[in-house]
Amino acid sequence: MKSREYLEEIRKRPALERAVLRKITLSGNRAIFYLVTDMSYTEEDIRCAAEVSARYVPAGFTADVNLKKSIPDEETVQKAVAEILKNRFPAAAAFISPQDIAVSIDKSGGRFSIGADTTESKQFFAGNIIDAVGAELQKNFCGAWTGGLVFKEKEKGEIEHDAPPPPEFVVAPRCFPIAEYEAIDGGKPEYAVYIADLKGGETNTCICGTVTYIEERETKNGKPWFSISISDGSGQMRTSYFSKKATIEKARSLKQGDNICLSGDYEEYNGGFSFRVRALDFGQPPRDYVWETRPSRPAPAVYKAVFPQPETDYVQATLFGGTPLPEDFVKENFVVFDLETTGLNNSPVSGAVDRIIEIGAVKIQNGRIVEKFSSFVACPVRLSMEIINLTGIDDHMLIGAPKTEDVIADFRKFSDGCILVGHNVQFDYKFIRYYGEKDGYNFEQRQLDTLTLAQEQLRLSNYKLNTVADHFGFTFNHHRAYDDAYVTAKVFIELIRLKGRLP
């Protein structure tokens with residue numbers, strides 16, 4: 001399609017004389033033209049724009065117009081200039097801070113200026129950067145945009161030194177005395193370790209709790225054994241118990257709800273850890289026992305492997321700007337995140353927990369997206385073809401990626417003091433919580449779910465992320481962590497705008 005000719009026709013309408021074409025999306029044989037104007041418009045303007053659009057689509061296609069009024073403010077354009085410099089001219093952007101960019105808006109569009117010293121100015125002139133920035137602004141904002149350089153003498157900052165390493169943090173396992181002990185195998189344990197605190201490689205240890213599942217099975221040789229799950233208030237564990245001739249009947253008498261203690265070793269098995277039971281007896285935590293809350297390892301002082309980058313969505317800030325965001329939302333900080341993993345198991349009760357292979361997140365402050373966090377994660381197991389086909393991530397892409405524990409530590413710092421947000425947030429949160437607790441990081445922040453919010457605020461055929469995003473006109477690369485997190489953040493902002501308050 002010839003976009004210049006198309007816009008020339010569209011702009012013949014007075015209300016659309018500075019209109020901008022943001023994007024075109026296809027749905028079957030239907031093309032949707034997303035137009036933005038900075039002037040008031042009528043239904044007649046929309047109808048005329050649709051008639052023009054219909055002349056620019058192939059035969060057999062219909063054309064619809066999504067028209068929005070968008071009037072940018074100075075801060076939004078300032079962020080847009082910084083973003084254009086960062087993405088297209090990173091060498092120049094390295095010398096420019098947001099304070100070096102000034103913006104003024106008038107009826108015809110606006111003007112921007114960039115403060116640069118003598119050395120920096122040469123780079124801007126050589127690359128014709130100012131004109132390129134102005135052209136990019138005209139693609140996103142209505143009206144004419146011009147710019148210029150302003151001489152600015154800058155002081156050289158002091159050299160920053162690395163922060164001293166944090167003190168070593170030791171995660172001590174919590175335990176409790178076993179009450180009402182009654183022998184079956186006669187293991188005679190006195191204390192049990194919290195299931196949540198079990199670490200791989202522990203021997204001669206004990207866990208104690210309530211039976212939540214039990215089933216008798218047989219080996220190939222006909223020997224009976226029991227599959228048992230127990231919960232102790234801190235976590236759950238599934239294990240196998242091979243009874244002895246003297247204890248088989250007592251084991252068969254066990255039922256869901258009984259309190260037992262299991263003595264044995266927490267060993268590595270088949271890529272994960274499994275509790276090998278040597279003795280099964282009756283026992284339980286003391287009555288009225290108060291479960292201890294394990295103190296969290298403090299967020300790291302500095303980033304080690306994943307370094308957040310500035311991020312902004314200057315389009316959304318004006319596209320939906322008619323309805324103000326609620327005050328309680330603007331006052332809070334949020335981290336919207338998404339993971340790609342090797343599978344769906346996020347609980348050790350069901351066996352080895354699947355691995356995180358990519359994490360993506362954005363931070364929302366003052367109602368706006370301000371920062372991004374994105375990284376692949378090293379994976380010790382080969383990816384299945386199902387995951388490769390779903391995500392587009394293969395084993396070679398993970399070579400050299402930071403370790404899980406380093407990424408989780410950096411994510412703990414990035415999300416410190418923020419509400420966690422996701423689409424079906426509990427699925428990804430359980431992975432983060434599991435791998436965080438392995439190194440002493442407790443992710444105990446409040447969580448908000450855009451899936452639940454969408455079900456409350458919208459009437460759609462389904463509430464998958466791509467369906468909700470389509471409703472708001474957001475396009476993205478689905479099943480990649482950062483892209484999913486970014487569009488979830490955009491959806492979250494609009495759902496809160498519709499709701500009028502935080503849940």
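Summary of the geometry: the range 230-244 and the range 6-47, compared by the centres of their Cα atoms, lie 63 Å apart. For the chain, the solvent-accessible area works out to 52 Å² per residue, with a probe of 1.4 Å and every protein chain left in place. Within the same chain, aspartates and glutamates fewer than 8 places from residue 413 are excluded, and of the rest, those with a Cα less than 18 Å from its Cα are 162, 168, 311, 332, 338, 358, 371, 405, 428, 437, 439, 444. In terms of distances greater than 28 angstrom between alpha carbons, the cross-link table entries 250/438; 23/79; 152/490; 86/122; 107/139; 122/372 yield 250/438; 152/490; 122/372. With a cut-off of 8 Å between alpha carbons and a minimum separation of six or more residues, what is the relative contact order of the range 33-73 in percent? Relative contact order here is 60 percent. Checking Cβ-Cβ separations below 4.7 Å across the chain identifies 48, 142, 175, 206, 379, 418 as cysteines lacking any candidate disulfide partner. Within the accessible area of the range 412-503, the carbon and sulfur atoms contribute 42%, probe 1.4 Å, all protein chains present. With contacts taken as Cα pairs under 8 Å at a separation of at least 6 residues, the range 351-503 carries a relative contact order of 24 percent. Under the membrane-span-like helix rule (DSSP H runs whose alpha carbons stretch at least 18 Å along the helix axis, mean Kyte-Doolittle hydropathy -1.0 or higher), the chain yields 74-88, 425-438, 481-499.
Taking every alpha carbon pair in the range 403-483, what does the distance histogram look like in 5 angstrom bins from 0, in percent? Percent of pairs per bin, in order: 3, 13, 21, 22, 16, 13, 9, 4, 0. Note: relative contact order over the chain, using C-alpha pairs below 8 Å and six or more positions apart, is 10 percent. Sorting 361-368, 66-73 by average packing, meaning the other beta carbons within 10 Å per residue, from highest down gives 361-368, 66-73. Look at where the Cα atoms of the range 67-131 and of the range 434-503 average out, and the two centres are 31 Å apart.
The values are calculated or read from the model by the stated rules, or taken from the named source; none is laboratory data. What you see is a predicted model; the values in this text were computed from it and never measured. Quick reminder, even Gly has a Cβ in these numbers, built from the backbone with ideal geometry, and neighbours come from all protein chains shown. Just so you know, the surface numbers come from the protein's heavy atoms only, side chains and all, with ligands and any DNA or RNA stripped out. Shrake-Rupley method; radii C 1.70, N 1.55, O 1.52, S 1.80 Å.
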